Every structure is written in C-alpha cells, then in structure tokens.
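Presented below is the structure to which this report refers.
Values quoted throughout were computed directly from the atomic coordinates according to the rules given, and no laboratory measurement underlies them. What you see is a predicted model; the values in this text were computed from it and never measured. Here the Cβ is made from the backbone with ideal geometry for all residues, glycine too, and neighbour counts use every protein chain on show.
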Amino acid sequence: MGHMRESIQIQVGTPTTATDGEVTNTWATITNGTLRAEKIEERGSESWDAMQIFGTETRVFRVRYKSGITRKHRVLWNSVQHDIVEIVDPGNRHRELLIRCVERKGGAV
C-alpha cells in the first residue's frame, strides 16, 4: 500500500450563525479522523478569469479504508485546507481510499 508518511485530518463543517446573521462553517476533525496517508499525486494548474490568473493545487492521498468520508468533508494537511472533489475505493475492495482534493486559497472557510 506504499509509505504512509503523511498525516491528514478529515474534518466536517457545522453551520454557525454569527450575531450579525452571517452563516459560516465551523470545522472540526471527525472522531478517529486523523489518518496516515501517502501523497501519491500533486498537480498545479493556472486559469485566467476576470483579468486575473488563478492557481489551483490538486493532491491525491491514499489512506486505509474508512467508511463515511464524503465530499462534504475536507482534508487538513500540513495546516492547509483542501476541498474533497473525489473519493475512490479501488476495486470496491474496502482496503484503501484515494482522496482527490483541491487546496483552498485565501483562507476561505
């Protein structure tokens, strides 16, 4: 299964309403949500929109199988937040998961 040298946290957001009525997510690591992982792919790209260049960092982590992880969760790796865009259970064997995620830019919550 490779070298699980990285540590990631699977987090879930809970909607919170501020006193001014603004709703934001408060993120917390799920129970048993700190996982050993292997970073198997890292890719960067740039796009042009509204006269600005935007960079995107995509990463894929391999972890031991854990049920219940969905795209509603996020990954925290090296203090960097990542939105989950795809979760694959290769061969549907429940041995491992491949979690593809995109780095959040600008400290978005």
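Of note:
- Two-site FRET efficiency, GLU86 against ALA18, from Cβ-Cβ distance with R₀ of 35 Å, rounded to 0.05: 0.65
- Histogram of C-alpha separations across the stretch 6-103, 5 Å bin width, %: 3, 12, 21, 21, 15, 13, 9, 5, 2, 0
- In summary, no lysines lie within cross-link reach of LYS39, defined as a Cα separation below 16 angstrom excluding same-chain residues under 8 places away.
- Cross-link reach list, lysines versus LYS105, counting only Cα pairs under 16 Å and skipping chain neighbours closer than eight places: none
- For peptides 63-72, 32-41, sequence by mean Cβ density within 10 Å, most packed first: 32-41, 63-72
- Counting 0.36 nm for each residue step from THR31 to GLU57 and taking away their Cα separation leaves a gain of 6.7 nm.
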